[in-house]
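Here is the structure we will look at, set down as structure tokens.
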Amino acid sequence: MATIEATGLGKSYGERRAVHDLSFVVRPGSVTGFLGPNGSGKSTTMRLMLGLDRGEGRTTFDGRTFVELERPLLHVGALLEAKPFHPTRSARNHLRMLAAANGIPVSRADEVLRLVGLESVSRGKPKKFSLGMGQRLGLAAALLGDPHTLVLDEPSNGLDPQGITWLRELLRHLASEGRSVLVSSHLLQEMAVLADELVVIGRGRLLANGRVEDFVSRSSLGSVLVSTPDAALLLPALERGGATVVHADAGLEVRGLDAAAIGDAAHAAGARLHQLTTQHATLEEAFLEATGLDQEFRSGGPATEAPA
């Protein structure tokens with residue numbers, strides 16, 4: 001099993017700073033979602049990790065940088081572009097070429113083509129492939145060496161709903177075998193189902209690195225729905241405790257205090273409680289809040305991120 005450790009990653013384009021002293025860890029045995037608004041530096045960060053862009057910092061895979069790996073496909077599989085293929089070479093021959101260059105048995109090409117569902121078009125030319133088929137072939141190339149680590153940039157682009165479900169199941173299976181899987185995506189609902197952990201960045205800076213549950217639980221957008229016949233007694237007590245309270249159809253919606261604190265406040269105020277229901281923020285809500293985009297969307301203002 002291999003841990004990804006990124007330390008002090010940085011990149012500038014002229015006077016524009018794209019990535020700022022970025023450090024994070026991706027642990028084996030988990031799918032780690034890499035999230036950030038468009039232009040936040042996700043693709044640049046992944047290229048820095050693999051030594052494809054010059055910049056600051058260092059990323060190790062099982063203690064070694066990508067350029068130090070003698071046969072890199074045996075250790076790290078990467079998908080950063082949808083169709084990085086020779087226009088006249090067949091899908092099968094493209095993989096056979098990569099296999100030969102990395103000392104991998106050429107029979108492995110047919111194995112991964114079956115795995116990604118491209119066996120029937122293995123002799124076709126990728127230039128005629130759809131975006132989704134190109135993504136599948138790119139994933140086949142990433143899996144060619146049966147690596148312990150995967151770095152995938154938006155691998156679900158171009159996939160239909162069935163394909164997205166297939167990809168989710170495949171990545172979770174690979175992680176269950178002890179691999180480290182880092183995958184970026186703009187599909188936050190899918191990431192909420194897929195990811196165990198997160199790396200979240202905004203404007204090239206680290207905002208969070210840890211379990212999905214921990215990231216969501218820190219959001220102030222979670223609330224507690226309170227059912228009480230004594231709202232007039234309870235409301236002032238909650239507001240004195242620092243809560244924000246709004247009237248909802250089922251009672252009071254309280255933010256800023258958890259269920260235990262609300263219960264204590266009700267007891268002190270002599271207010272009866274019939275029900276407390278904790279409502280956690282969604283990953284999307286937590287993400288928008290953490291990146292500052294929730295206020296932009298509420299005000300109708302556009303995002304101002306520079307391209308990655």
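The values are calculated or read from the model by the stated rules, or taken from the named source; none is laboratory data. Quick caveat, the model's predicted, so the values are computed rather than measured. Cβ atoms come from the backbone with ideal geometry, glycine included; neighbour counts cover every protein chain shown.
For the reader, a short list of remarks on this structure follows.
- Just one of the numbered conditions (1) in contact (Cβ under 8 Å) with a residue 60 or more places away in the chain; (2) in contact with a Pro (Cβ under 7 Å, 6 or more places away or on another chain); (3) part of a helix (DSSP H, G or I) is not true of residue 77: (3).
- Taken across the range 143-160, residues that are among the small types (Gly, Ala, Ser) and within 18 Å of the chain's Cα centre (by Cα) do occur, with at least one present.
Matching residues to (1) closer than 27 Å to residue 158 by Cβ; (2) of a type in the set (A, V, I, L, M):
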position	(1), (2)
29	no, no
32	yes, no
45	yes, no
50	yes, yes
56	no, no
69	no, yes
72	yes, no
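- Enumerated strands (runs of 3 or more DSSP E) restricted to the range 162-224, each holding at least 1 residues that are within 14 Å of the chain's Cα centre (by Cα) and of a type in the set (Val, Ile, Thr): 180-184, 197-202
- Scanning the range 120-135 for residues being part of a helix (DSSP H, G or I) and surrounded by 20 or more Cβ atoms within 10 Å (Cβ to Cβ) gives a total of 4.
- Residue within the range 219-226 that is in contact (Cβ under 8 Å) with a residue 60 or more places away in the chain, surrounded by fewer than 19 Cβ atoms within 10 Å (Cβ to Cβ) and either among the basic types (Lys, Arg) or farther than 30 Å from residue 22 by Cα (or both) present: no
- Among the conditions (1) outside the structural domain of residue 176 (by TED's automatic domain parsing); (2) without any contact (Cβ under 8 Å) to a residue 40 or more places away in the chain, the only one that residue 66 does not satisfy is (1).
- Matching option when the condition is of a type outside the set (Lys, Arg), outside any helix (DSSP H, G or I) and at pLDDT 90 or above, among 138, 117: 117
- Being farther than 13 Å from residue 287 by Cα and buried (at least 22 other Cβ atoms within 10 Å of the Cβ) is a description that applies to residue 182.
- Among the residues listed as 80, 48, the single one being modelled with pLDDT of 95 or more and not hydroxyl-bearing (Ser, Thr, Tyr): 48
- Set 89, 71, 47, 16: member being farther than 19 Å from residue 178 by Cα and in contact with a Lys or Arg (Cβ under 8 Å, 6 or more places away or on another chain): 89
- So residue 135, is it farther than 24 Å from residue 18 by Cβ, among the polar types (S, T, N, Q) and not assigned by TED's automatic domain parsing to the domain that holds residue 43: yes
- Within the range 248-291, considering residues that are under 30 Å from residue 185 (Cβ atoms) and aliphatic (A, V, I, L, M), the one surrounded by the most Cβ atoms within 10 Å (Cβ to Cβ): 286
- When 257, 273, 252, 238 are screened for being assigned to a helix (DSSP H, G or I) and either among the aromatic types (Phe, Trp, Tyr) or on the phi < 0 side of the Ramachandran plot (or both), only 238 passes.
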